[in-house]
Amino acid sequence: MAGGYTGFKKKATGPTYEQIVRDVQAGNLKPIYYLMGQESYYIDHVADFIVNAVLEPEERDFNLMTFFGAEADIDNIITAAQAFPMAAQHLVIVVKEAQNLKHIEHLEYYLRKIQPSTILVFCHKNGTLDRRTKVATLINKEGVLFESAKLRDAQLPPFVRAYLQRKRVVPQAGVPELMSEYVGADLNRMVSELDKLVLSLPEGEKQISIELVQRHIGISKNYNIFELQDAIGCKDVLKVNRIVKYFDENEKDNPIQRTLASLFKYFANLMVAFYAPTKTKQGIATWLGLTEWQVEKNVLPAMRSYSGVKVMQILAEIRRTDARSKGAEGSHTSNGDLMKELIYFILH
């Protein structure tokens, strides 16, 4: 079940995306920015924002240098950083794919004698610099060490609302949650899909409806995993079987492994919900890290339909069905029949 974005929280201590942007806008520049983490969206946006804020377009030919970690030598980057800008206040050096740089520890020597007119920006994706190293300590002391973590499920709807607000567009109730469910935590893809929705709005229209999302993002109104979860949650047997039949007839667009993974996540959340200290909508939302809208729509109906014991049995059966779909137990049952057997087990 299930972004700029306000309230972005990170596991590690350090500045947020918003804090860095505010400081750069205020002219409070640092000589080095080391941007790292699993979420590339914020890394790219901070790097681009620094370049656009520091250098005018006509200054970039001589004062913007780009290196790529797999091809660059750290000593060459340091030599470039020691140069002076030409007809500008700053020289900006961007190192992309910094996770591939070798001998990053050589940067210690530069950090002890920084060229104040240079701004070094490292973009380290799909990982982080070891904070215990001397070079990380020096970066944190002299500049900015920023970690861009993946957003949690509950953070995605606020990201969607905030992004659309900046586009001067209002989402209909349920749209942020639907987009979060469908697109997931890949913010680059999320932004691309949101831009698509904004561009598809009729002239003068400022609200994105659920129908617009279903029409332009490829979500079928009646036959998708979210509708299947809703129907299972309230035990709408007729609708569940109709959707499963549709999935079987359109297996290429609805592969069984994807359906099983979504159902497992759905029932795993439901299992955890039974252990919430407070069984109110707000209490369950806080416990699961979901929005109250998601709890009201997806969780509470299912808690009324299934017991905790039944949910545990369902989770085990989903695992078994997944294994059988991959040939375990010598199964030669078709994927369609496997889903029918699983759905019967869930509903009865």
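The values are calculated or read from the model by the stated rules, or taken from the named source; none is laboratory data. Treat the numbers as computed from the prediction; the structure is a model and nothing was measured. Note that each Cβ is placed from the backbone with ideal geometry, even for glycine, and that neighbours are counted across all protein chains shown. In case anyone asks, the SASA skips ligands and DNA or RNA and just uses the protein heavy atoms, side chains included. Shrake-Rupley method; radii C 1.70, N 1.55, O 1.52, S 1.80 Å.
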Working out 0.36 nm times the residue gap between Asn28 and Ser117, then minus their Cα-Cα distance, what length gain in nm do you get to one decimal?
30.7 nm
Quick check for you: with a 1.4 Å probe and neighbouring chains kept, what is the accessible area per residue of region 179-299, in Å²?
50 Å²
What length, rounded to one decimal in nm, is gained on full extension from Lys206 through to Phe49, with 0.36 nm per residue of separation minus their alpha-carbon distance?
53.8 nm
Would you give the gap between the C-alpha center of region 163-202 and the C-alpha center of region 269-288, rounded to a whole Å?
27 Å
Among region 95-129, those whose backbone N falls under 16 Å of a label point 7 Å along Cα→Cβ from Asp61 are none
Put +1 on the Cβ of each Lys and Arg and -1 on the Cβ of each Asp and Glu in the chain; which of Gly308, Met339, Ala72 then has its Cα farthest toward the positive end of the dipole?
Gly308
I need the calculated FRET efficiency for the pair Asp75 and Trp293, taking r as the beta carbon distance and R₀ as 45 Å, to the nearest 0.05.
0.25
How are the alpha carbon pair distances in region 246-348 distributed across 10 Å bins from zero to the largest one, expressed in percent?
14, 41, 29, 13, 2
Once neighbouring chains are kept in place and the probe is 1.4 Å, which whole percent of the accessible area of the chain is contributed by carbon and sulfur?
50 percent
Phe84 versus Glu317, label points 7 Å from Cα toward the beta carbon: distance in nm?
7.7 nm
Per the Kirkwood formula on distinct C-alpha pairs, the Rh of the chain is how many angstrom?
23.2 Å
Please give every one of the lysines within straight-line cross-link reach of Lys30, meaning a C-alpha to C-alpha distance under 29 Å, and leave out same-chain neighbours fewer than 8 residues apart.
Lys9, Lys10, Lys11, Lys96, Lys102, Lys113, Lys125, Lys134, Lys141, Lys150
On a C-alpha basis, how far is the centre of region 24-55 from the centre of region 293-331 in Å? Whole number, if you could?
44 Å
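Take peptides 210-216, 82-88, 120-126 and line them up by average Cβ neighbours within 10 Å, highest first, as a rough protection proxy. Please list the in-between numbers first.
Details: 210-216: 16.4, 82-88: 13.0, 120-126: 22.6.
My ranking of the peptides, most packed first, is 120-126, 210-216, 82-88.
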Spin-label model distance (nm) - Arg242 vs Lys134, 7 Å beyond Cα toward Cβ
7.0 nm
